[in-house]
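Colleague: Please read through the structure below; I'll follow up with questions.
The values are calculated or read from the model by the stated rules, or taken from the named source; none is laboratory data. The model shown is predicted, which means the values in this text are computed figures rather than measured ones. When we count neighbours, we look across all protein chains shown, and the Cβ atoms used for this are built from the backbone with ideal geometry, even at glycine. Ligands, DNA and RNA are stripped out before the accessible areas are found, and what is left, the full protein with its side chains, is counted by its heavy atoms. Shrake-Rupley method; radii C 1.70, N 1.55, O 1.52, S 1.80 Å.
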Amino acid sequence: MFGFQNSCVVLDSKARCRLTDVNERHFKTFNHFGNGDVHVRGHQRVPSDTKEFHEATKRDALIRLRKDLDNLLHSADDDKKATVQKEMCGFEALFHRFLQEDGPSVEWDKIEKLPQDAVKDYSSLKTPQESEIRAMLDKLVVVKLNGGLGTSMGCHGPKSVIPVRNDLTFLDLTVQQIEHLNKKYSANVPLVLMNSFNTDEDTEKVIRKYKGFQVQIYTFNQSCYPRISRDSLLPVAKDFNIEADIEAWYPPGHGDFYQSFQNSGLLKKFIDEGRDYCFLSNIDNLGATVDINILNRLLGSDRQGDKPIEFVMEVTDKTRADVKGGTLIQYEHKLRLLEIAQVPKEHVDDFKSVKTFKFFNTNNIWARLESIERVLNARTMNMEIIVNNKTLDNGMRVIQLETAVGAAMKCFDDGIGINVPRSRFLPVKKTSDLLLVMSNLYSLKYGSLVMSPQRMFPTTPLVKLGDNHFSKVKEFLGRFANIPDLIELDHLTVSGDVTFGRGVSLRGTVIIIANHGDRIDIPAGAILENKIVSGNMRILDH
């Protein structure tokens, strides 16, 4: 045995791991200047007459898992064993909690009304003096979650390298934004990318092109955990050769950020440099730029009280399109994130109500670095476990245990929500989102998308594009001679075999439906305003 069992000690029901003599740093630095069923564990209570049986099976499952993890660790390369040991220790802790937790993670009747000052309105924040900004920026670290692939949009490799505007990728735009801040204010805001084993190698190749930019770029990998057989509750991986059996492994959600950030050595590095906060967001959220007013509330003249704010969750007003998004609640006298997967079935309609829960989480998070370190060292980072059921290509049913970064809010003191404008939530998850960000609704300024002043309303149009013909980026682009004028669009639904000519303008509500076997070609220069187009319309060249 390599000694995995001796280095991982289950301390209590929260299953914290204690590591022995593993202090390696494994971050990489570049100094450059010039989907399945998902639910949260614990909705079905175990009947009392079977409790003893279940307890016995849980003990057995944990013992067998430890043995398998020890074998996996033994198969790892010697130079990776210290890193792998940390990760498997974290996985054992997560698995132990998964076995232990029964019953709902939130009791609906215990949800309290949000205190009046729990969510600050963005308009109440003050803009700092120009002379203050540099000092605040030098205390900031920008972190982008970069673990996702572009497979859902038909692309290979990291999602962050998909071109989204003027042939610029998500990563290009992010680097441009931070370089602009650094140049404008003579600051030194570093960019940190949390990669997964899926995106690490390709990302390392891509970031070489930023060598001449005034941005320090650091990367680290989130954990790599083994998928578990739903039947045996044992890892499906037989050894630590991930590339040989990549389906047996998974990155455990963005809640893994905190522990992996500390394991990488970067958390301590930035604290030692005198940096105070990190701003963390999804790399595909093009609205998640560094906000000087929020930073001023944390570090500048707008700071209030003696105690520092430890955690900020940016929320925005919920619409009927956002009813499944996580929301902020007060529970056991602390602010916390409530996801739809935590909601008992009989209360799902209540959760979706725009009147009952007015905000939803943008996943733009500001967290105090010293507070992250304190919570991790105290082993009180206790996020709800998301159980994600998957079926592998070979038909094997597996589960992967994940956590969400916003769920850590309850572990911090003095957390607040800030109700930000919708412009700070501009994710690109589907080609319908891509249509919006590529259109004349936005202009590009120093890597940031700015809504056109010609748009009468601050809200973005609701766009639904049919999966069969528009879901993949290559197919999507082939159906537009160029992106239509969307300045006056409210709602667009397109279904079936539809193409758009040059210079098309869409206004109001437009619905275009080509039935099976039909094709609709919208001619060049067409103006569609409050129209429904159906049937078969094709213009042929002759």
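Colleague: Given the peptides 468-479, 279-290, 503-514, 298-309, arrange them by the average over their residues of other C-beta atoms within 10 Å, most packed first.
Modeller: Descending mean neighbour count gives 279-290, 503-514, 468-479, 298-309.
Colleague: While we're looking at this one, here's another question. Work out, in µm²/s and without decimals, the Stokes-Einstein translational diffusion coefficient of the stretch 160-242 at 37 °C, 0.692 mPa s, Rh from Kirkwood over C-alpha pairs.
Modeller: For the chosen part, D equals 215 µm²/s.
Colleague: Non-local amide H neighbours of Lys464 (under 5 Å, H modeled in plane, Pro and chain starts lacking H): which ones?
Modeller: Leu492, Thr493, Val494
Colleague: Moving on. Would you mind computing Rg(Cα) / (2.2 N^0.38 Å) for the stretch 81-225, counting N as its residues?
Modeller: Working: Rg = 20.5 Å, N = 145, 2.2 N^0.38 = 14.6 Å.
Expressed relative to 2.2 N^0.38 Å, the Cα Rg reads 1.40.
Colleague: Hey, can you find the accessible area per residue of the chain for me, probe 1.4 Å, expressed in square angstrom?
Modeller: Working: 25410 Å² over 542 residues.
Per residue, the chain has an accessible area of 47 Å².
Colleague: I would also like to ask the following. Starting from the stretch 267-363, pick out the GluC sites (Glu not before Pro) whose DSSP state is loop and whose Cβ has at most 14 other Cβ atoms within 10 Å. Don't jump to the answer; show the numbers that get you there.
Modeller: Values: sites: Glu273, Glu310, Glu314, Glu332, Glu339, Glu346; in loops: Glu273, Glu310, Glu332, Glu339.
Those satisfying the criteria are Glu273, Glu332.
Colleague: In terms of modelled amide H atoms, which long-range or inter-chain residues lie less than 5 Å from the amide H of Tyr225?
Modeller: Those qualifying (amide H under 5 Å, at least 5 residues apart or on another chain) are Tyr250.
Colleague: Still on this structure, please answer the following. Return the sequence-ordered ³J(HN,Hα) values of the stretch 108-118 in whole Hz as given by the Karplus equation 6.51 cos²θ - 1.76 cosθ + 1.60 applied to θ = phi - 60°, using x for Gly and Pro.
Modeller: Computed from phi, the couplings for the stretch 108-118 are 4, 5, 8, 5, 9, 5, 4, x, 4, 9, 5 Hz.
Colleague: With r defined as the distance between the Cβ atoms of Val354 and Lys113 and R0 fixed at 22 Å, what FRET efficiency is calculated, to the nearest 0.05? Mind dumping the intermediate values first?
Modeller: Values: r = 16 Å, r/R0 = 0.74.
Computed FRET efficiency for Val354 and Lys113 comes out at 0.85.
Colleague: Given the alpha-carbon gyration tensor of the stretch 379-504, what are the semi-axes of its equivalent ellipsoid in whole angstrom, ordered largest first, with each equal to the square root of 5 times an eigenvalue? Could the numbers behind the result be given before it?
Modeller: Values: eigenvalues 244, 130, 24 Å².
Its equivalent ellipsoid spans semi-axes of 35, 25, 11 Å.
Colleague: Counting other Cβ atoms within 10 Å, which trypsin sites (Lys or Arg not before Pro) in the stretch 116-199 have at most 14 and lie in a DSSP loop? It would help to have the intermediate numbers written out before the result.
Modeller: Numbers: sites: Lys120, Lys126, Arg134, Lys139, Lys144, Lys159, Arg165, Lys183, Lys184; in loops: Lys126, Lys139.
Sparse-neighbourhood loop trypsin sites (Lys or Arg not before Pro): Lys126.
Colleague: Students often get this wrong, so check it: of Lys120/Lys430; Lys205/Lys472; Lys390/Lys430; Lys113/Lys345; Lys334/Lys355; Lys334/Lys358, which have C-alpha atoms separated by over 27 Å? Can you show the working numbers first?
Modeller: Details: Lys120/Lys430 31 Å; Lys205/Lys472 24 Å; Lys390/Lys430 21 Å; Lys113/Lys345 21 Å; Lys334/Lys355 21 Å; Lys334/Lys358 18 Å.
Checking Cα-Cα distances, Lys120/Lys430 exceed 27 Å.
Colleague: Can you work out ³J(HN,Hα) from phi for every residue in the stretch 368-375, in order, using Karplus 6.51 cos²θ - 1.76 cosθ + 1.60 and θ = phi - 60°, giving whole Hz and x for Gly and Pro?
Modeller: 6, 5, 5, 6, 4, 4, 4, 5
Colleague: Would you work out what percent of the accessible area of the chain, with all protein chains in place, is carbon or sulfur (probe 1.4 Å)? All intermediate terms of the calculation are to be shown ahead of the outcome.
Modeller: Numbers: 12100 of 25410 Å².
Taking all protein chains in place, the chain shows 48 percent carbon and sulfur surface.
Colleague: To the nearest 0.05, how large is the calculated FRET efficiency for Ile532 and Lys67 if R₀ is 41 Å and r is the Cβ-Cβ distance? Intermediate results must be reported in sequence, preceding the final value.
Modeller: Numbers: r = 63 Å, r/R0 = 1.53.
That pair, Ile532 with Lys67, gives E of 0.05.
Colleague: Using a Förster distance of 30 Å, how high is the FRET efficiency between Cys155 and Lys324, based on the Cβ-Cβ distance and rounded to 0.05?
Modeller: 0.75
Colleague: Give me the net charge for the shell around Pro235: Cβ to Cβ below 9 angstrom, other residues only, Lys and Arg +1, Asp and Glu -1. Walk me through the intermediate numbers first.
Modeller: On the way: positive: Arg227, Lys238; negative: Asp68.
Taking every other residue near Pro235 into account, the sum is +1.
Colleague: Using just the helices of the chain, give the 222 nm mean residue ellipticity in deg cm²/dmol: DSSP H runs with n ≥ 4 each add -39,500 (n - 2.57), and the total is spread over all residues, rounded to 500.
Modeller: On the way: 14 runs with 134 residues, N = 542.
So the calculated ellipticity at 222 nm is -7000 deg cm²/dmol.
Colleague: Work out how much length His347 to Ala135 would gain on full extension: take 0.36 nm times their residue separation and subtract the Cα-Cα distance, in nm to one decimal. List each step's numbers first, then the result.
Modeller: Details: separation 212, 0.36 × 212 = 76.32 nm, distance 4.67 nm.
The His347-Ala135 span can extend by a further 71.6 nm.
Colleague: Can you give me the pair-distance distribution of the stretch 267-379, C-alpha pairs, 10 Å bins, whole percents?
Modeller: 12, 35, 34, 16, 2
Colleague: Kindly list the residues of the stretch 212-232 that lie in the label zone of Glu201, defined by a backbone N under 18 Å from the point 7 Å along the Cα-to-C-beta vector.
Modeller: Those under the cut-off are 220-225.
Colleague: Kirkwood Rh, Cα Rg: Rg to Rh for the chain? Don't skip to the end; give the middle numbers.
Modeller: On the way: Rg = 24.5 Å, Rh = 25.2 Å.
Value, to two decimals: 0.97.
Colleague: Multiply the residue gap between Lys464 and Asp413 by 0.36 nm, knock off their C-alpha separation, and tell me the result in nm, one decimal place.
Modeller: Values: separation 51, 0.36 × 51 = 18.36 nm, distance 4.07 nm.
Result: 14.3 nm gained on full extension.
Colleague: While we're here: Which number comes out as Rg/Rh for the stretch 385-459 once both Rg and the Kirkwood Rh are worked out on C-alpha atoms?
Modeller: Values: Rg = 19.2 Å, Rh = 16.7 Å.
Reported Rg/Rh (Cα atoms, Kirkwood Rh): 1.15.
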